Amino acid sequence: MTLASVENRPSRTHSANIDLASTKPGTPGGIFMRQFWIAVERSDDLIPGRAKPIRIMSENYTLYRGKSGRAQVIDSRCPHRGAQMHLGWVEDDDIRCVYHGWKFDCAGNCIDQPAEQEGFKRKVRIPIYPTREHMGQIFAYFGEGEPPPFPPFPEPAAEGLIDHWPVYKVPCNYLQCFENSMDEVHVAFTHAPGGSHAKLSADLPIISAEETDWGILRFGRRASGKVRQTLHYAPNIVRVIVPPLAGLDGAGGWPEIVFSFTPVDDENCLWLITSKVFVTGKDADVFRQKRAELDRLRAEAPPIQQVVDDLWSGKLHYADVWHPDLAVVQDIAVQAGQGPIEDREREVLGRSDAAIIVWRKILTRELRLIAEGKPAKRWQTPPSDVVPTLGF
């Protein structure tokens with residue numbers, strides 16, 4: 001059901017003392033985000049028997065994978081004397097602190113204290129967070145009470161390969177990246193060098209958007225009458241059909257990606273991207289070969305942030321850059337170039353910003369309700385029958 005929409009007219013959006021960008025614990029934005037499953041890591045990057053530190057929404061945690069393959073998020077520090085848990089070691093599906101050997105199971109129970117009296121361990125727990133995996137990504141729930149249904153979004157139904165992109169670290173607030181995903185017009189300009197989005201740049205769409213019970217549905221209507229439909233899942237995910245990366249040379253065609261913008265803190269975020277590439281048989285073999293070549297090109301290319309820094313300093317010219325992740329370089333240069341936290345009070349929003357305006361109104365409404373202690377919206381799991389479309 002449509003709950004809100006916006007006319008395509010110039011508009012300036014202000015939030016009236018509501019901080020839209022912050023997701024720190026205890027803030028309205030932090031409470032809002034913690035209602036949802038949050039992508040925290042790529043599954044392939046966490047091997048069994050290892051632990052690693054993660055930082056999500058300005059809080060530190062330990063993520064580990066047990067010997068059985070189960071992933072689990074726990075507090076970053078041992079409740080004994082505050083040692084960092086990721087320094088310890090994994091035993092079966094349990095984790096032992098490196099400082100004094102206190103051992104915890106996946107449920108957070110202390111099950112061994114080598115130097116303590118028998119029975120004391122029953123008094124000790126480490127906070128744990130529900131942890132699940134879907135389409136090659138690890139998700140955790142950091143809110144109160146029971147988590148929402150899992151998975152947080154459906155897998156595209158058509159046959160194909162799941163392709164896990166690298167995790168990109170981006171030096172800016174998550175919200176300006178999420179808002180960029182609602183801006184279809186930018187691709188005609190930001191991605192003009194390299195020509196990756198040329199088919200989307202033949203004419204500029206008229207943008208509209210409407211609220212749903214799971215986020216917003218965005219439409220880009222072309223002069224031909226065709227409509228490109230993109231899904232934005234609350235609170236920080238876009239599901240969209242995109243061109244293949246520069247380093248793939250068109251292999252696999254246009255995949256359908258699900259793109260999570262995960263806050264690290266208020267000035268940094270992670271881009272966690274999983275995609276469905278609609279190829280089978282020999283075409284799948286060709287894609288795997290090109291994908292392996294892309295990984296080799298990535299390994300040989302300069303780090304993305306180094307290229308971005310050179311663009312910001314003027315050492316490189318924007319139109320001259322080539323990189324196997326060229327579209328990613330371009331997006332980070334532009335989005336993080338707005339500043340660590342974009343100053344939205346200085347903006348002049350126009351017709352093409354219709355979807356951004358819709359989302360800001362929704363986010364402002366929800367955060368104000370939270371700040372006032374009033375009941376907020378009960379968000380629903382996205383249905384499988386609402387899907388993105390190409391629109392040309």
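In order along region 60-71, the phi-based Karplus estimate (6.51 cos²θ - 1.76 cosθ + 1.60, θ = phi - 60°) of 3J(HN,Hα) comes to 9, 9, 10, 10, 9, 10, x, 5, 6, x, 6, 8 Hz; Gly and Pro are listed as x. The label point for Y99 and the one for D320, both projected 7 Å from the Cα toward the Cβ, are 5.3 nm apart.
With the helix formula -39500 (n - 2.57) applied to DSSP H stretches of n ≥ 4, the chain reaches a computed 222 nm mean residue ellipticity of -5500 deg cm²/dmol. Using alpha carbons only, the radius of gyration of region 272-392 set against its Kirkwood radius gives Rg/Rh = 1.07.
Restricting region 282-334 to chymotrypsin sites (Phe, Trp or Tyr not before Pro) that sit in a DSSP loop and have at most 12 other Cβ atoms within 10 Å of their own Cβ leaves W322. log10 I(q)/I(0), Debye, Cα-only region 192-315, no solvent, q = 0.15 Å⁻¹? Here the Debye-derived log intensity ratios amount to -1.00. Among the chymotrypsin sites (Phe, Trp or Tyr not before Pro) found in region 82-131, those both in a DSSP coil and sparsely packed, with 16 or fewer other Cβ atoms within 10 Å of their Cβ, are Y99.
Using the Cβ-Cβ distance between D310 and E267 with R0 set to 22 Å, the FRET efficiency from 1/(1 + (r/R0)^6) comes to roughly 0.60. Within the straight-line cut-off of under 14 Å between alpha carbons, the aspartates and glutamates reachable from K169 are E41, D265, D266, E267, D309, D325, D331, sequence neighbours fewer than 8 places apart in one chain being disregarded.
Here each label is just a point 7 Å from Cα along the line to Cβ, and for E118 and T280 those points are 6.1 nm apart. Other residues lying with their Cβ under 11 Å from the Cβ of D183 contribute a combined charge of -3, Lys and Arg counting +1, Asp and Glu -1.
When only alpha carbons of region 141-240 are considered, Rg and Dmax amount to 16.0, 49 Å. Quick one: Debye curve from the C-alpha atoms of region 11-100, no solvent, what's log10 I(q)/I(0) at q = 0.22, 0.25 Å⁻¹? Here log10 of I(q) over I(0) equals -1.06, -1.20. The orientation-averaged shadow of the Cα convex hull for region 247-313, equal to a quarter of the hull surface, comes to 5.9 nm². Cβ-Cβ distance of H80 and R368, R₀ of 45 Å, FRET efficiency by 1/(1 + (r/R0)^6): the value works out to about 0.65. When the convex hull of its Cα atoms is viewed from all sides, region 48-137 shows a mean projected area of 5.8 nm².
Axis of helix 326-335 versus longest Cα principal axis of the chain: the two differ by about 80°, to the nearest ten degrees. For G215, the residues whose amide H sits under 5 Å from its own are A234, ignoring neighbours fewer than 5 places away on the same chain, with H placed 1.01 Å from N.
Counting only protein heavy atoms and a probe of 1.4 Å, the accessible surface of the chain is 51% carbon and sulfur. Between the alpha-carbon centres of region 187-257 and region 42-100 there is a gap of 37 Å.
Per residue, the accessible area of the chain comes to 45 Å² when a 1.4 Å probe rolls over the protein heavy atoms. Counted residue by residue at 0.36 nm each, then reduced by the alpha carbon distance between them, the extension gain from I162 to E345 reaches 61.9 nm. Rg/Rh for region 143-186 stands at 1.05; both radii use Cα atoms, and Rh follows the Kirkwood definition. Between K199 and K377, the FRET efficiency estimated from the beta carbon spacing at R0 = 45 angstrom works out to 0.80. By the Stokes-Einstein formula, at 1.306 mPa s and 10 °C, region 346-389 with its Kirkwood radius over alpha-carbon pairs has D equal to 122 µm²/s.
Karplus-based coupling profile of region 145-154, in residue order and whole Hz: x, 6, x, x, x, 10, x, x, 8, x, with θ = phi - 60° in 6.51 cos²θ - 1.76 cosθ + 1.60 and x standing for Gly or Pro.
Relative contact order for the chain: what is it in percent, counting Cα pairs under 8 Å that are at least 6 residues apart? In percent, rounded to a whole number, it is 23.
Absence of a disulfide-compatible partner, taken as no other cysteine beta carbon within less than 4.7 angstrom, is noted in the chain for C106, C110, C172, C177, C269.
Label-to-label distance for E300 and R288 is 2.3 nm, based on points extended 7 Å past Cα in the beta-carbon direction. In the frame of its principal axes, the chain has Cα extents of 76, 53, 45 Å, reported largest first. Taking Cβ atoms as reference points and 13 Å as the exclusive limit, the residues near H80 contribute a net charge of +4, counting Lys and Arg as +1 and Asp and Glu as -1.
The values are calculated or read from the model by the stated rules, or taken from the named source; none is laboratory data. Quantities reported herein were computed from a predicted structural model and do not represent experimental measurements. Note: ideal-geometry Cβ built from the backbone for every residue, glycine included; neighbour counts use all protein chains shown. Heads up: the accessible areas ignore ligands, DNA and RNA and are worked out on the full protein's heavy atoms, side chains in. Shrake-Rupley method; radii C 1.70, N 1.55, O 1.52, S 1.80 Å.
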